[in-house]
1. Among A:ASP266, A:ASP201, A:ASP210, which is the only one that is of a type in the set (D, E, K, R) and over 21 Å from the mean Cα position of the chain (by Cα)?
2. Residues A:GLN150, A:GLN220, A:GLN172: which one is farther than 25 Å from A:GLU242 by Cβ and either away from chain B (no Cβ under 14 Å) or surrounded by fewer than 22 Cβ atoms within 10 Å (Cβ to Cβ) (or both)?
3. Here is a list of conditions, (1) part of a helix (DSSP H, G or I); (2) among the acidic types (Asp, Glu); (3) surrounded by 10 or more Cβ atoms within 10 Å (Cβ to Cβ), and B:ASP65 meets all of them except one; can you say which number that is?
4. Out of segment A:462-473, which residues are under 14 Å from A:ASP440 (Cα atoms) and either in contact with a strand residue (DSSP E or B) (Cβ under 9 Å, 6 or more places away or on another chain) or touching a residue at least 12 places away in the same chain (Cβ under 8 Å) (or both)?
5. Just give me the residues in segment B:77-95 being more than 8 Å from every other protein chain (Cβ to nearest Cβ) and part of a loop (DSSP other than H, G, I, E, B), in sequence order.
6. Report yes if some residue within segment A:94-106 is within 17 Å of the chain's Cα centre (by Cα), outside any helix (DSSP H, G or I) and either within 14 Å of chain B (Cβ to nearest Cβ) or of a type outside the set (S, T, N, Q) (or both); otherwise report no.
7. Is it the case that B:VAL74 is surrounded by 10 or more Cβ atoms within 10 Å (Cβ to Cβ), more than 8 Å from chain A (Cβ to nearest Cβ), among the hydrophobic types (A, V, I, L, M, F, W, C) and not in a loop (DSSP other than H, G, I, E, B)?
8. Of the residues that make up segment B:37-48, is at least one within 11 Å of another protein chain (Cβ to nearest Cβ), among the aliphatic types (A, V, I, L, M), outside any helix (DSSP H, G or I) and free of Cβ contacts under 8 Å to residues at least 12 places away in the same chain?
Amino acid sequence: MTAPVNPKKLIKGAEHDWEVVIGMEIHAQVTSRSKLFSGASTEFGAEPNDHVSLVDAAMPGMLPVINEECVAQAVRTGLGLKARINHRSVFDRKNYFYPDLPQGYQISQYKDPIVGEGEVVVDLLDGESITVGIERLHLEQDAGKSLHDQNPTQSFVDLNRSGVALMEIVSQPDLRSSEEARAYMTKLRTILRYLGTCDGDMEKGSLRADVNVSVRRPGQPLGTRCEIKNVNSIRFIGQAIESEARRQIAIIEDGGTISQETRLYDPAKGETRSMRSKEEAHDYRYFPDPDLLPLEFDQAYVDALAEGLPELPDAKKARFVADFGLSAYDANVLVAERASADYYEAVARGRDGKAAANWVINELFGRLNKEGIGIDATPVSADQLGRIIDLIGEGVISGKIAKDLFEIVWTEGGDPRAVVEARGMKQVTDTGAIEAAVDDIIAKNHDKVQQAKEKPTLLGWFVGQTMKATGGKANPAAVNALLKSKLGIE
Amino acid sequence: MSVDEKTVRRIAHLARIAVAEDEVAPLQGELNAILAFVEQLGAVDVTGVEAMTSVTPMAMKKRKDVVTDGGRAVDVVANAPETEDHYFLVPKVVE
């Protein structure tokens, strides 16, 4: 809350600028085989109520028993967020009625969460970075799913998701624009995926955000906030914040006041609408769950989990910059997904790191994006791409031919060096052959030769012609040198 | 601690229990009697005493992360007043 006001991030109002203040509660589905308190499967897409135990259906007499892996996943996540790990935490009941909550309460953590304060460093597009405080992370059960569109008078309830472990990650109100909020969500997703504690699949609901938005005049105390529930894509998070901030500003500028409420974002209309009025505000009547003892572990347990953590994106980025001489921007692009970073490292090992980064980011990612496939499905392996780069480095092929070679390897596969041999793609460094081509072009274009003496930029045209005549295989440096001397250009 | 009529109505609503108007006053009396009874605990000085979570000191039992349950949709919906394709059917709820 004490972050300095950045004028670029303010929203223009009728009379003065407004600052938007955002905090996020992110629900991340814990990666585990079975549920938080039962032995039913967490697998997505099962038949209705097939992945439900009698515990999840809240049958009388059923008792919850905690899944030790879910606890470990929460601790790993806490460590990844550089957060305080609480050696003792308590499960509470959060009471409310809804048809997809058979217990009539959600088992959650209220006063004593498993993870306390931490922080996330978020890189923004302009190269700036901000530090977002994490207030807490706690473990809780997911609810079931209601379908409202199957029948005009009834809702259908499926409890497959009921009891699946969630981590609720609560940020401090440290975000000041929709861009920052999107970047924070993206970074958190990257960290979770590196840790392997949440798959981050937003389409399947593995990661959902509740976004708290308020506006104020810079320097003034916090305004009244509204909570936008269950936003399930990073793009919608940005849109929801923009529309909600403008709605609040319009109300205040018209002399009104904001009432604290829960709202929903409607992507089709591009606006938020009220979900529950304040009069019906929920009173969850939290109390410690008498079915569960406090969750306790020692530092040795935490240390063992810390030992097993992978290198996280921030550390990897710093290493790429230091070891491979990459720009912060390129390093960021490469570490966004662990698979991309691993691929890059395999290509860069023992080679020029910058050249490797250019090939991976521009050629490979460009091609993958075009085909709409992920790095895991790339037809060009890191080893193959590495060999292509080697061939350029050795002067066997030119950079231009290398792109053609990449295309061949992409569609047909094969060893790049063998492809170059078989198709005669080798760069011509034999000056005699290049000279013959150059002489031929000069002989056929007397007018241009004259012009080139006045206008040295015409050299480019001659280079182009020579490359064309040699099927792109002439060594560009040799062509340049020859042409300059023959045309008399300095 | 005691509750007024308004609180009684609110608690009933939160618990989704239908309470008729003429039941509110008697319920208020009963609740206040219970609260007064429990309030006797306030006489005990518990300064510095840690809350007891179990009679014998023990750690919470944990489960391995293996799938041991499920595949019993028929049992799960067996007591439901209405079902279709193993879904529970409830009166329409739209947020």
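1. Numbers: A:ASP201 fails: over 21 Å from the mean Cα position of the chain (by Cα); A:ASP210 fails: over 21 Å from the mean Cα position of the chain (by Cα).
That would be A:ASP266, the only listed residue that is of a type in the set (D, E, K, R) and over 21 Å from the mean Cα position of the chain (by Cα).
2. On the way: A:GLN220 fails: farther than 25 Å from A:GLU242 by Cβ; A:GLN172 fails: farther than 25 Å from A:GLU242 by Cβ.
Only one candidate qualifies: A:GLN150.
3. Result: B:ASP65 passes all but (1).
4. Keep residues of segment A:462-473 that are under 14 Å from A:ASP440 (Cα atoms), which gives A:462-470.
A:PHE462, A:VAL463, A:GLN465, A:THR466, A:MET467, A:ALA469, A:THR470 - these are the residues of segment A:462-473 that are under 14 Å from A:ASP440 (Cα atoms) and either in contact with a strand residue (DSSP E or B) (Cβ under 9 Å, 6 or more places away or on another chain) or touching a residue at least 12 places away in the same chain (Cβ under 8 Å) (or both).
5. Initial filter on segment B:77-95 (more than 8 Å from every other protein chain (Cβ to nearest Cβ)): B:78-81, B:83.
Hits for segment B:77-95 are B:ALA78, B:ASN79, B:ALA80, B:PRO81.
6. Start the filter on segment A:94-106 by keeping residues that are within 17 Å of the chain's Cα centre (by Cα), which leaves none.
No.
7. Values: surrounded by 10 or more Cβ atoms within 10 Å (Cβ to Cβ): yes; more than 8 Å from chain A (Cβ to nearest Cβ): yes; among the hydrophobic types (A, V, I, L, M, F, W, C): yes; not in a loop (DSSP other than H, G, I, E, B): yes.
So B:VAL74 fits the description; yes.
8. Step one: of segment B:37-48, the residues within 11 Å of another protein chain (Cβ to nearest Cβ) are none.
The answer is no, given that none of the residues of segment B:37-48 is within 11 Å of another protein chain (Cβ to nearest Cβ), among the aliphatic types (A, V, I, L, M), outside any helix (DSSP H, G or I) and free of Cβ contacts under 8 Å to residues at least 12 places away in the same chain.
The values are calculated or read from the model by the stated rules, or taken from the named source; none is laboratory data. Computed from a prediction, not measured in an experiment: that's the story for all the values here. Cβ atoms come from the backbone with ideal geometry, glycine included; neighbour counts cover every protein chain shown.
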